[in-house]
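Every number in this text was worked out from the coordinates using simple rules, so none of it is lab data. Being a predicted model, the structure only gives us computed values, none of them experimental. Cβ sites come from the backbone with ideal geometry, for glycine too, and all protein chains shown count toward neighbours.
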Amino acid sequence: MREKKDILLLATYGMEVVECGGTLAKHVRAGGKAHAAVALVRPENKEQVRRAGRVLGLEVSFLGFESGEVQADAASKSKIVRLIREVRPDIIITQDPEHSFLDLDPDRREAMILYLEAVSLAGRDWRITECGGFEPHLVRSIYFMTPERPNCLVDVAEVFSLKERAMAELSGQLAFTARVISGMVPVSAMPYLLADYQKIKDDPVDLGRALHREMDRAFCLYHGLLSHSGFVFAEPFRRLGRFELEYLL
């Protein structure tokens, strides 16, 4: 990394910390700083997200929003504007707006409007005193994670094992994933996906861990080797705006 930069991840749920965790871990390894702020997380899952962050080398904080109540009002904007001005990141990562509108997870649509409005306001002289007295901060680079239409990839092969270790810390998410997928996929089809399904089918955490191992590997392989990129495992992003190059890559 030629220049050490700071990254702020605005995450709606804790799992996003791991979904782009390879990129964040690699950034930290290269000497940069990464901070993840999570909007919605169950109280019993907070320590799990913190542990996942520690595996990846991230600082994690929680924004304290309530499920089903996220909205882009002035009070909510102020909370995120203050965070941005205090952390002063060079790069912000958040979910892709297109993906958020197709995703049926609650609050994602409202959250994306909230995040982008807050990023815009953070660079202007809006509510300086109310937002902690921090000076305005203009974020130069915004990247959308897991986008519908990626325009860049990050090679995460060397840190892929860290992603797996971090995901293993999210036992609440693993159990939730197992429950959701078990309701979608017929029991008769599960052994085609997991060779040891019969051994782990009654343990939601073990089942969720095995499912994520297959899905996360397939996702990063699809965007890596199978995209003809030259990478083995990759995390996809869509950068907002133009790429500014002195020379062609």
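Some values worked out for this structure:
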item	result
Hull-based mean projected area of segment 158-231, where the convex hull spans the alpha carbons, in square nanometres	5.4
Average Cα contact separation per residue, the chain, under 8 Å, 6 or more apart, as relative contact order %	21
Expected-Rg normalisation [2.2 N^0.38 Å, Cα atoms] applied to segment 165-207	1.13
Whether segment 113-207 is rounded, prolate or oblate, judged on the alpha carbon gyration tensor where a/c under 1.5 counts as rounded	prolate
Extreme residue, positive dipole direction of the chain, given options 87, 52, 178 (C-beta unit charges)	87
Backbone N under 15 Å from the residue 215 label point (7 Å along Cα→Cβ), restricted to segment 131-171	146, 164, 167-171
Long-range amide H partners of residue 63 with built H, under 5 Å	38, 39
Potential extension, residue 226-residue 113 segment - 0.36 nm per residue separation minus Cα distance	37.4 nm
Set 26/199; 5/163; 33/199; 33/201; 26/201 screened for pairs whose C-alpha atoms are more than 31 Å apart	26/199; 33/199; 33/201; 26/201
Candidates 24, 56, 121: whichever shows maximal mean-square fluctuation once the chain is modelled as a Gaussian network with Cα springs under 10 Å	121
Computed helical MRE - 222 nm, the chain, DSSP H runs ≥ 4 contributing -39500 (n - 2.57), nearest 500	-13000 deg cm²/dmol
Where trypsin sites (Lys or Arg not before Pro) fall in DSSP loop in segment 103-134, at most 16 other Cβ within 10 Å	124, 127
Space enclosed by the convex hull of the alpha-carbon atoms of the chain, per residue, Å³	134
Cα→Cβ-extended label distance, 7 Å offset, between residue 74 and residue 184, nm	4.1
q = 0.18 Å⁻¹: log10 I(q)/I(0) that the Debye formula gives for segment 6-154, counting C-alpha atoms only	-1.09
Within segment 82-166, GluC sites (Glu not before Pro) in DSSP loop having at most 11 other beta-carbon neighbours inside 10 Å	none
